[in-house]
Structures are given as C-alpha cells and as structure tokens.
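Down below is the structure, laid out as structure tokens.
The values are calculated or read from the model by the stated rules, or taken from the named source; none is laboratory data. Quantities reported herein were computed from a predicted structural model and do not represent experimental measurements. As a convention, Cβ positions derive from the backbone with ideal geometry for all residues, glycine included, and neighbour counts pool all protein chains shown.
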Amino acid sequence: MKIIGHRGAAEEWPENTLKGFVNAIESGVNALEIDIHKSSDNQLMVIHDPTLERTTNGNGFVAQQDSAYLRTLDAGQGEKIPFLHEVLDLILERKVHLFIEVKAGGLENELVRLIQQKNAYDFCTVICFNHFLLKQIKALDPKITTGCLLVGTPIDIVRMVKDAHAEYLILNIYTTVEEVVTQCRRANIQTAIWTANTEAELNMLKALSPDFVMTDKPSLIVPLA
C-alpha cells in the first residue's frame, strides 16, 4: 500500500505549495495529490479552492485573476501559488507520482499540452469528479492515465470507471466498502482512498488493501503504513 501526500502535507505545511510538496516527499510519500485551476491568462495554477480567501491573502476567484497577480500572493509561510509546470518539474526530478485533480472545466487542452511537453506520462494521473471531463482528456491523448473521483458506493463500480475510460478509482474513506475495492482489483483498476490522518483510520484502510492511501499528515502516516 502506497501513501499519497494530500495537497502535499495539508495539515503539516501550507497546502498545495512547493514547500509542502518537498516536505511530503522527504517524509517518504510515494505520490502527491494536487488541485488545479486556470487563471484568466490561461496558466494552470495549483490551488484547491475556486476562490483565494481560505489559502492565500488574496481575494476573489482564481479564474478572474491573471497569473502575475496570483503569484504576488502569500499561500502560507511566504510560499507562492505554484504553476503546474513547477510541480511537474519537481516530481520528475524526485521520481514520485502526481495525481492532478482538475477542479474546473475549460483547461483540458492546456493540461494535455503540458503533460505532453514534459513527457510526464509515466509520472502523473489526471483525476476529477467530472467523469465526462476525464473521457475528454482521454480523447485528447489516450496515453494519459486518469482516475474517477467518487463519494459513494455504486453497485457496478467497474462499469462506471470503464465508461470514463479511466484506470484509477479514488474513493472517500467513509463511503468505501470492501466489495468496491474487490471489484476494482478483479478488473485491474487501481484504487486510492482519502484521507487517513490517524492510526485508527489507516488501520481501517489496511483491512481493505487499496493500492494507495491519501493523508494530510505524511510524517505520521508514512512510518505506520
């Protein structure tokens, strides 16, 4: 079972920042999970919320600001909002996997071009709650691996993932049941579950044996995995 640093190390370092990503990697995670939005000048920015207030000292919607302004903001401990290309450079250098959660539509072309330019196929997976968007990513470039995000327990989970042409299923810890993980394993679909932030939560997920577990606390969870 491999460990994913959720938004880097969201409860230990400023989330979705290069400082958080580096510290998560140094804690021993096998992969990182990040979130992206597009700025008004079509740059892919690494930030979770559609608005700036919670994680930065800025205001307003990410999509309504240009990248020059976004880069002036403090995302915690003096960190800037990263560009996606910076994070791709980091994971390619450190040889860890990257799960890129797309938080809004309209950036598919830019995302595919960047993965192609960086030749990052083996080191990144695009994930989203919008499974139509994932299917569009596959249509643009079938070599990009994708994963369906889900809160819930469908009867036929395999069909749902296959309909999206995806390879991964990313599940919520409290709506996951053993049968879903078993169905995926039989169908060669990799599973990741978010988020385990205590030893008890990790032990609960160990019993399910997913391929990946996400955590906001890599320094706590990695030694226990």
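Determine whether residue 17 is more than 30 Å from residue 203 (Cα to Cα), of a type in the set (S, T, N, Q) and surrounded by 15 or more Cβ atoms within 10 Å (Cβ to Cβ). Quick ask: steps written out before the conclusion?
Details: more than 30 Å from residue 203 (Cα to Cα): no; of a type in the set (S, T, N, Q): yes; surrounded by 15 or more Cβ atoms within 10 Å (Cβ to Cβ): yes.
So residue 17 fails the test.
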* segment 202-225 - residue that is within 20 Å of the chain's Cα centre (by Cα) and charged (D, E, K, R) and, of those, farthest from residue 171 (Cα to Cα) -> 217
* Please work out which one of (1) modelled with pLDDT under 95; (2) crowded, with 20+ Cβ neighbours inside 10 Å; (3) not aromatic (Phe, Trp, Tyr) is the condition residue 154 fails and give its number. => (2)
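Looking at residue 70, is it buried (at least 22 other Cβ atoms within 10 Å of the Cβ) and either more than 22 Å from residue 127 (Cβ to Cβ) or not hydroxyl-bearing (Ser, Thr, Tyr) (or both)? Before you say what the answer is, go through the steps one by one.
On the way: buried (at least 22 other Cβ atoms within 10 Å of the Cβ): yes; either more than 22 Å from residue 127 (Cβ to Cβ) or not hydroxyl-bearing (Ser, Thr, Tyr) (or both): yes.
Here the answer is yes, as residue 70 does meet what is asked.
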* To do: Looking only at segment 1-41, count how many residues are more than 14 Å from residue 71 (Cα to Cα) and over 16 Å from the mean Cα position of the chain (by Cα).
  => 8
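Can we say residue 97 is within 21 Å of residue 213 (Cα to Cα) and out of contact with any Pro (no Cβ under 8 Å at 6 or more places or on another chain)? Give the steps one after another, and end with the answer.
Numbers: within 21 Å of residue 213 (Cα to Cα): yes; out of contact with any Pro (no Cβ under 8 Å at 6 or more places or on another chain): yes.
Yes: the conditions hold for residue 97.
Name the residues in segment 117-140 that are closer than 25 Å to residue 94 by Cα and surrounded by 15 or more Cβ atoms within 10 Å (Cβ to Cβ), would you? Please lay out each step first, then the result.
If we filter segment 117-140 for residues that are closer than 25 Å to residue 94 by Cα, which is where we start, we get 117-128.
Result: 118, 120, 123, 124, 125, 126, 127, 128.
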* To do: From the list 86, 101, 79, 110, pick out the single residue that is closer than 19 Å to residue 165 by Cα and touching a residue at least 12 places away in the same chain (Cβ under 8 Å).
  => 101
* Asked: For residues in segment 114-125 being touching a helix residue (DSSP H, G or I) at 6+ places or on another chain (Cβ under 9 Å) and part of a helix (DSSP H, G or I), which is nearest to residue 170 (Cα to Cα)?
  -> 123
